[in-house]
1. What number of residues within the range 426-437 satisfy the criterion of being surrounded by 21 or more Cβ atoms within 10 Å (Cβ to Cβ) and at pLDDT below 95?
2. Identify all residues within the range 196-211 that are open to solvent by 50 Å² or more (accessible area, probe 1.4 Å) and in a loop (DSSP other than H, G, I, E, B); write none if there are none.
3. Residue check, residue 4 against (1) within 30 Å of residue 132 (Cβ to Cβ); (2) at pLDDT 60 or above, all met but one. Which one?
4. With the structure loaded, tell me whether residue 387 is under 19 Å from residue 414 (Cβ atoms), open to solvent by 80 Å² or more (accessible area, probe 1.4 Å) and either under 50 Å from the mean Cα position of the chain (by Cα) or touching a residue at least 24 places away in the same chain (Cβ under 8 Å) (or both) or whether it fails that test.
5. Can you tell me which residue in the range 299-311 is surrounded by the most Cβ atoms within 10 Å (Cβ to Cβ), limited to those that are in contact with a Pro (Cβ under 9 Å, 6 or more places away or on another chain) and part of a strand (DSSP E or B)?
6. Which members of the range 508-523 meet the condition of being at pLDDT 90 or above, assigned to a loop (DSSP other than H, G, I, E, B) and open to solvent by 60 Å² or more (accessible area, probe 1.4 Å)?
7. Quick one: which strands (runs of 3 or more DSSP E) lie wholly within the range 218-264 and hold at least 3 residues that are at pLDDT below 80?
8. Of the conditions (1) surrounded by 14 or more Cβ atoms within 10 Å (Cβ to Cβ); (2) of a type outside the set (Phe, Trp, Tyr); (3) within 27 Å of the chain's Cα centre (by Cα), residue 553 fails just one. Which one is it?
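The values are calculated or read from the model by the stated rules, or taken from the named source; none is laboratory data. Remember, predicted model here, so these are calculated numbers, not experimental data. Cβ placement follows ideal geometry from the backbone for every residue including glycine, while neighbour counts extend to all protein chains displayed. With ligands, DNA and RNA removed, areas are computed over all heavy atoms of the protein, side chains included. Shrake-Rupley method; radii C 1.70, N 1.55, O 1.52, S 1.80 Å.
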Amino acid sequence: MIGQTSGPHMARNGFWCLWAIWLISLEPASAVSLVNGTLGDSVYFHQFVYWKAPLEWRFGVFGDDEVVAVRPFYGAPYCYPRCQGRCQLSSEGALQLNNLTYTDQGQYVFIVGAIEPYHSQIVYYQLQIYSPLNVPLLILNASHNRLVSGSNVTFHCDGGNQNITTYIFYRDGKKICSDPHVTCRDSYLYIQPITGSDSGRYTCTIQNPVSSNISNVLLATVSATLTPPALVPNSAPDHLFNGSYASFHCDAGGQHVATYTFYRDGKNICSEPHVTCKDSNLYFQTISKHDSGRYTCTIHNTASSSISNILQLSVSAPTSAAELTSNKTELVWVGEMVSFNCSTQLTNASFTWNVNGSLLPGSGQYELFEDTVGQFSTLTIGSVSTNETGSYTCEARNATTNETSNSLFLNVGIAPTNASIYCGSEALAGGVVLICSWAGGQPAADIQLSFDGTIDNATDVVNRTVLLGNEVQQPVLACQGNQLGRISECKTNFERPVSSSHDNNTITSVIEGQNATLNVSLTSQSSLISEFTWFRPNLIPVNITASDGKYKVETIGSQSILFISNLTVDDNGTYTCTARNIIGSTTFSFPLDVKSQGSNDSNGGSSGLSGGAIAGIVIGVLAGVALIGVGGYFLVKKVF
């Protein structure tokens, strides 16, 4: 390439202008070749004329155009001020424009001519400038992502004011525009009507001739019309005694339900202090006569709601006048203190305590207190364990009668083994297993794993396998554990492979005939690494199965080593290793300098040209001389 030679002092020859006009009048217009360029980058117009002739590149409408670059009959090619500092013209006529702007957009014309033997050539180019595309935003016309089966839904791939030529829509990684009920029109996706099979993870990709970009992930759930659920008791009959424990289940079958609501005589009861509503279950601790009534549950999703059967519940006072109460009306955690109080209208009564129908054991964790008039007794458990789980009653007795109290159920919960939830990962061939764990609790903790816009739920532990090749947009693993209101959260931000100890510019020098060891040792997120790939110079994959046994690769965990034996000067060059995980890949370089035997200089024996290289140079020079001829050409660009 000939650099930006200043040529304002070289006046445009009037004869050249007349000659160019004459050439254009004689030469029929050729088809326009479309050339795409990236804003701020470079573009090449590949035209080569090896015979000696004046030529020009022009930009603009002929007659009111500007010359971009010229190769005269005599002298070196040079660029005109319009593109000064950004233009390069080769001695053969190829034009390169650098640092492109939108003002460079338009038509260019290449003109070349010669007096003898009256050759002429005119070529037209249309240059279109595009900007690299930013990430688009995929949005939904609905107020939420839980959609109703049978409705019409519109997605919009909002790319802003960018110059976009193509929009492509995907569901779960597959193109969907060819589906019979789907229409793709420019930046819009229409599904008419949407069905349950359309649930999934939606993305859109925008493209222009120089770049492409993918949107956020939009998770859409399509709900169908609900059928009535069944309200049933878990373990209690429809007739209960005051102070007993009860729970009910709203059974919706396999339907997709967003929320459950429980009612007594048409009134929502989930806010009452002795009631716990958890998903499809209703818990009483403890139940009273006030809880008698007609019970129903209602299920809801975005498509509809549906109400259950009516369950009639009757709560009676206990058969005795003794009343048992407790300072804990909900779940009691291991290690906490709980006390029961048994009161009676009898006088001079003595009290007996029972658990699960048997006398209370005489162990040291129980503390009993009775008042002097014999009308109440208190049982205190200083540090509750799971052994104390069960149904408690007391019996008040005097010389004339005895009374048995209502029962109270002590439900003992165990915190998870670890104080905090665990966020982590484990290596897997071809990918990684993401883990959220908070196990060992009773009842089991509800675990939520959130990664890359998708949420998984389970109890105790949630695992998700992510394979290499997945396009991860949000590399943050977020875990949340909830054990009946006890919350623990953690986050882990994953990244592509890195090695703080590696320097791509460090040269490994060895003598011909010796061996070389190239080592990559990753220092961050090693559990994500699943794949190392080694390449010889010129990106030739290393063949470790070849019969000569020259190469050997050992990979252990986050470290990979390439052994090269019996080196020759032909092994000179830069070797690379690509470490890849689900977030991305990183390439590490290893410049290898193999010196010939007996070499003392820093360049060794590898710096000289081989006989084949010298022969190639001679042939190239002779071919160049043979192609030199008399001629010239001009190039003109036109703007619309």
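1. Here the count works out to 2.
2. Within the range 196-211, just 209 meets the criteria.
3. It fails just one condition, (2).
4. Criteria met by residue 387.
5. Once the filter is applied, the top-ranked residue is 299.
6. 514, 515, listed by residue number.
7. Ranges flagged: 239-241.
8. Here residue 553 meets the rest and fails (3).
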